[in-house]
């Protein structure tokens, strides 16, 4: 079995039976350090790929995302930080709502989501370069897949049964975390300036 077919199989298993996918990930014996390394590799490769696409196809109007993609080191660092925050929130918020998982499993699940999304990002970026009109549609589908994977892996980590309740909890957590981070950024004076 090739690496690509194994990745596809594990992505599909994560969508169908997240508990079995998490069990398969645990069987790899990955340590928290290796989970962090996987997150770092996925973020770095993803940032470089985004930078390459930006070089090949500059956007018609520059924006915050294109500025960020133009700085792959900053983009990778932010993605690693976001993944770390996601793992912490998955572990802590899940426990608050009666989940049984811990940080090690949350970090492993987060690393898997990052690797899975990188596997999807490569064909997505190729499609964006080759058939630009389809790039936006595939981007939306990729975001939807990310959300479903996040819900499913959170269910697996904590033993939750209802994907709908986990989805609502995930959206609420993202909203609250975004609000808190925005307030902190405003207090520190690091929010980007708006148009004059």
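The values are calculated or read from the model by the stated rules, or taken from the named source; none is laboratory data. The model shown is predicted, which means the values in this text are computed figures rather than measured ones. Cβ sites come from the backbone with ideal geometry, for glycine too, and all protein chains shown count toward neighbours.
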Requested in this report: Identify all residues within segment 119-148 that are more than 20 Å from residue 7 (Cβ to Cβ), within 15 Å of the chain's Cα centre (by Cα) and in contact (Cβ under 8 Å) with a residue 40 or more places away in the chain; write none if there are none.
Outcome: none
Requested in this report: Give just the number: which of (1) in a helix (DSSP H, G or I); (2) modelled with pLDDT of 90 or more; (3) loosely packed, with under 14 Cβ neighbours inside 10 Å does residue 107 not satisfy?
Outcome: (3)
Requested in this report: Kindly check whether there is at least one residue in segment 127-135 that is loosely packed, with under 11 Cβ neighbours inside 10 Å, more than 21 Å from residue 35 (Cβ to Cβ) and at pLDDT 85 or above.
Outcome: no
Report summary line: When (1) under 15 Å from the mean Cα position of the chain (by Cα); (2) touching a residue at least 40 places away in the same chain (Cβ under 8 Å) are applied to residue 156, the one that fails is (1)
Report summary line: In segment 145-189, anything in a loop (DSSP other than H, G, I, E, B) and touching a helix residue (DSSP H, G or I) at 6+ places or on another chain (Cβ under 6 Å) is listed as 160
Report summary line: Within segment 5-56, the residues that are modelled with pLDDT under 90 and either surrounded by fewer than 12 Cβ atoms within 10 Å (Cβ to Cβ) or farther than 15 Å from residue 121 by Cβ (or both) are 5, 6, 55, 56
**Report entry** Filter pass, residue 118 being over 17 Å from residue 8 (Cα atoms), modelled with pLDDT under 95 and part of a helix (DSSP H, G or I)
**Finding:** no
Report summary line: Counted residues in segment 84-103 being closer than 13 Å to residue 39 by Cβ, surrounded by fewer than 22 Cβ atoms within 10 Å (Cβ to Cβ) and touching a residue at least 24 places away in the same chain (Cβ under 8 Å) come to 2
